[in-house]
Each structure stands twice: as C-alpha cells, then as structure tokens.
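The values are calculated or read from the model by the stated rules, or taken from the named source; none is laboratory data. Keep in mind it's a predicted model, so treat the numbers as computed, not measured. FYI the Cβ positions are ideal-geometry reconstructions off the backbone, even for glycines, and counts take in every protein chain you see. Ligands, DNA and RNA are stripped out before the accessible areas are found, and what is left, the full protein with its side chains, is counted by its heavy atoms. Shrake-Rupley method; radii C 1.70, N 1.55, O 1.52, S 1.80 Å.
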Protein chains: 2
Amino acid sequence: MANSASGESIIRRFIRIISAFDDKHTSMSVAELSRRTGLPVTTTYRLVDELLLERLLERDPHGNIQLGTRMWELASRGSKTQGLREAALPFMEDVQSVVQHSTTLGVLDSDEVLYIERLGNASTIVDITKIAGRLPVHATSSGMVLLANSPSAYQDLILSRPLTKYTETTLTDPAALRRHLAEVRQRGFAAMPGVIVPESSGIAVPVYGPDNTVVAALSVVVPRDEENTASRVPVLMAAARGISRALGWRGKLKGTLRQSH
Amino acid sequence: MANSASGESIIRRFIRIISAFDDKHTSMSVAELSRRTGLPVTTTYRLVDELLLERLLERDPHGNIQLGTRMWELASRGSKTQGLREAALPFMEDVQSVVQHSTTLGVLDSDEVLYIERLGNASTIVDITKIAGRLPVHATSSGMVLLANSPSAYQDLILSRPLTKYTETTLTDPAALRRHLAEVRQRGFAAMPGVIVPESSGIAVPVYGPDNTVVAALSVVVPRDEENTASRVPVLMAAARGISRALGWRGKLKGTLRQSH
C-alpha cells in the first residue's frame, strides 16, 4: 500500500526518519537526516514537511529538526511500557533510596534487554544502562532473569548465536549459560559480577504480570568490589513483589522466597 | 504524497491509529480500532498488518492490538522530552521524599500543559495529573508558571479563548489572569488552591534551559487544607535550580530567590 517508486512504504520511511534520532543525535538538519537515513534529500524534505505539519517532528530554536513532543506523547500514553514503568517507579524509588546505586527496569524486546526505566546517578558507578537503551541478554543480570523465564525456543535461539565475550567473566558457552539459567530459575535472582564492564556487578530479579509470567526484570548495578552483593537480593525481591502486585499478580515468587516459608 | 483515494495521507492515518490508544484503551481488536479511528475496516486491517510487521504495533496474548514496545523506544530514545525527564528525575525524587505528595514535571504543548513525569502515589491525594496527560493552562499551577514566562502573543491567544471555570477559585477573567501572571513572574512561583479540583492545591516553579528560557514547570500537588502551602516553595525552587543546571543553565532564577541574596 502507498509505496514509493522505490517500492518502500511510507511507514518504513517514517521509521527510518525517527530511527535517525537517539540520545547522541536529538536534533539535526534535513541534510544530515537525509545522510543518516539514506533517503534522497528531496524525499527527506517532503516527508519532514509532512511530519512537521503533523507535529511528529519539530524545529528547534536553530531551525534543526527534532522529534516532536507529540510523538513522545502518542507513543507513551497508551503504551504497556508506560503502564509498567508507572507501576514500578514508586518501588524503584524505594530500592534506590536503600541501595544508593542505579536501579533499572528492563524487558525483553527482540533479542536484547530494553531498559524502560532507570533511577540513579550515572556518576557514582560504572553503569552503561540508559533509558530506552539496549544491552545483550547474555551479558546482563536482567537479561539472564528474563531469559531464564522465557520459552525454551527463545532460549535456544539466543544461545545458538555467537555471543560476545565483553569481559573475562562473560559467559559465552551455551552449556555454561544453560547451567547458569537453571540456577537463576531455582534461586529466583541473577547476580553477574563484571560481565559487561569489569567494574560493576548487576543483580536482577523477575517481575510478574497478572498471568504469572515474567514481564520485566528489576535490577541494581553496584560496584564489583562490594563485599556482600547477595545482601542486595531481599530488597530487590520485596520491591519486585510490590511491582508484580501493582500489575495484578496474585501468585508467589519462585526461588529463595518460597524456600523461606 | 502517497495519499489514499480519500485524499488522507498514510501518515495521518497512522496518527489516527496510534491516537486511538490511551491509558484507558491500551489494547483493542481491529474492529474496535476501526470504530475508534473512523477508518474503514479493510483500511484498518491493511495498515495494522503493516504496523505489526514493523513492530510499531504488537498483538497481546489475547490477539488484540496494542502499541509496540518499539514505538515507545523510537519515540523516547532521541526525544528532548526524555532528556528533560532524565535530568529532572533525581531532583524530583528529592522533592518527593520531602513533600510526600505528588511531584510533576510539565511542559507547554500546543495550548495545554503536558505532564512528562510524575512521582507519587495517586491514592494519597486528589490529583488528576498523569504522565503523558494534559490539563488546561489556566487551571494549573504549572500552566500559570509556563504561561507567565511565555511570549505575550501566546498569552494573548490563551487568554482570548473561553476558559472553563472548574471550581469557584478557577480564574477565568483575562484581566484577573494577567494580574496573576505578573505576580507569578515577580514571585517566581505559582500557588493555586483548588483551581481544578477543590481538594488540592498546586505549587509550581519554572525550570530553565541553557538559553535562560523556561522549558518546564516543576510542581507539587498537596491537600488544599494544608496550613502553610508557601513552605513548599523553597524545596521546589532548589530542585528547579538543580534541574536547570543539569540542563546547562548558568543564570539566576527570578523572584524570591533573588530577593534573598
């Protein structure tokens, strides 16, 4: 439907345009947008004009193009992501006030962890998570929690790919990862020391939705030289239960919490 | 470009589709989507199919349509709104921990206040703000702060319209509003008792960007029967200075802070 002469749909061109913006590129000229999207300049001008008219794009004070506030509004107000982050935010504040490092909420999207919320000051610790940023599943505590609670077909897919070894502690061997995933399922949390940057450890626990499936991972990033990383687990588990209940979950968490009954 | 037989562009139809979702309607059948958008069923099916393929829409476990996580990601990661909320969030947590009611961050968009962040538990107080929700400029403390710091042409536009009187304290007379705006500019904050719901008061202060223009309003909503509402102003002003500095502002706030030098 409504394809251009090159056969590419307007929707796909629109996606190319909005994908050109990220946290390092929040505004740019139409010429730069054309370069970044690979769309011809005249095509870019035409589509940008329409998107400006519809307020999905805006001009900044220097005349450059940026994503429109309306774009953010329309994508946010009806999104399940927004509902999840709103349910989680009060509990994340509680964790943050106790742990004093950064606290994140991540979901699986395609083959990566997408962080949908993050609290905490990046300057206190080496932490490469950012909101609407992505990290690989196998090299993050959130990814391990989400993968451990995923269908085995999805696990097979992730584990059959070449996995990057970011640090000396990154697990990349499928058999070792499967053993680790079983451990994460049994314990109810993942603790990963320095798997993506050597200086930091991630600890993550699952967040459950109403149908008792895992919908997100709640995690903290702490300095790797911290003595008792496992002491962070109870506060995370308590917060994850709170978020899960706010989402309509009525079950029990797996792992250590059950053992303590 | 690429208009349908009815002359409506694909982009406009796409906007109709994503606009059909909000916090009360996060997922729906294609038939309901067709009703809510006013688009013919076959057109809706065709566009939904393409948007599912591009992951701007997703199916929920019941087969209904919802906004895709990718839609939220693309609209968030490069947006100035996201940068503003990330800069503000740590300072909003500080305000929240002291004030213990709800704390919001709002921007002007079109002719309304759009709330881009909100902390706090809605159950503690009557507060109708929500994230990615809108409220009228003249009936909110944030709106008054943003309007007081807007170009006079914009003020004239807002004040020339019929303004809804939500409660007995809502100002709707343009002359009274102009006097109030002058006061807000001079004092550096807006305090509005029960102007949109009788039970709550809003207090708001401006947040400045690098070029010393007001880019947002930081506000708290407190019970209207609270004795000393003005005591909330210093913590808000301190947080607003922090946010402004995080955004690259190097100036001084107007109003009471200057008087205290």
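Observations on the model:
- Chain B - mean residue ellipticity at 222 nm from DSSP helices (-39,500 (n - 2.57) per run, n ≥ 4, rounded to 500): -12500 deg cm²/dmol
- B:F21, A:F91, ranked by accessible area, largest first (probe 1.4 Å): A:F91, B:F21
- Annotation for A:R59, label-to-label distances across the other copies: 4.4 nm (shortest first, one decimal, point 7 Å from Cα along Cα→Cβ).
- Other protein chain Cβ atoms within 10 Å, averaged over every residue that makes up B:17-28: 4
- Accessible area per residue in Å² at 1.4 Å probe, computed on the stretch B:90-191: 41 Å²
- In the full protein context, the stretch B:10-75 carries 42 Å² of accessible surface per residue, based on a 1.4 Å probe and ignoring ligands, DNA and RNA.
- For the stretch B:10-75, taking the reciprocal of the average inverse distance between every pair of different Cα atoms yields a Kirkwood hydrodynamic radius of 11.6 Å.
- Per DSSP, loop GluC sites (Glu not before Pro) in the stretch B:119-222 with at most 10 further Cβ within 10 Å: B:E168
- Chain A: relative contact order as a whole-number percent, Cα under 8 Å and 6+ apart: 14 percent
- Relative to the other identical copies, B:P162 shows label-point distances of 6.8 nm, where the label point lies 7 Å from Cα along the Cβ direction and values run shortest first.
- Remark: relative contact order (the stretch B:160-202) = 40 percent; criterion is Cα-Cα distance under 8 angstrom and separation of 6 or more residues.
- Both chains summed, the buried accessible area for B and A stands near 5300 Å², from protein heavy atoms and a 1.4 Å probe.
- Averaged over the residues of peptide A:87-94, the number of Cβ atoms from other protein chains lying within 10 Å of each residue's Cβ is 2.
- Delta accessible area of at least 50 Å² on complex formation, residues of the stretch B:56-79, 1.4 Å probe, chain isolated as reference: B:L67, B:T69, B:W72, B:E73, B:L74, B:A75, B:R77, B:G78
- Position B:P90, label points 7 Å along Cα→Cβ, spacing to each other copy in nm (shortest first, one decimal): 2.5
- Solvent-accessible surface of protein heavy atoms, probed at 1.4 angstrom with all chains present, puts B:I128, B:I158 in the order B:I128, B:I158, largest first.
- Rolling a 1.4 Å probe over the protein heavy atoms of the protein assembly as shown, with every protein chain left in place, gives an accessible area that is 52 percent carbon and sulfur.
- Descending semi-axes in Å of chain A, equivalent ellipsoid built from Cα gyration tensor: 37, 20, 19
- Whole-angstrom gap from the stretch A:180-226 to the stretch A:71-114, using each part's C-alpha centre: 15 Å
- Mean partner shielding of peptide B:104-112, defined as the number of other chain Cβ atoms within 10 Å of each residue Cβ, is 1.
- Whole-number Å³ per residue for the convex hull built on Cα positions in the protein assembly as shown: 174 Å³
- Backbone geometry of the stretch B:136-150 corresponds, through the Karplus equation with coefficients 6.51, -1.76 and 1.60 at θ = phi - 60°, to 3J(HN,Hα) couplings of x, 4, 6, 10, 9, 5, 4, x, 5, 5, 5, 5, 4, 9, 9 Hz, x marking Gly and Pro.
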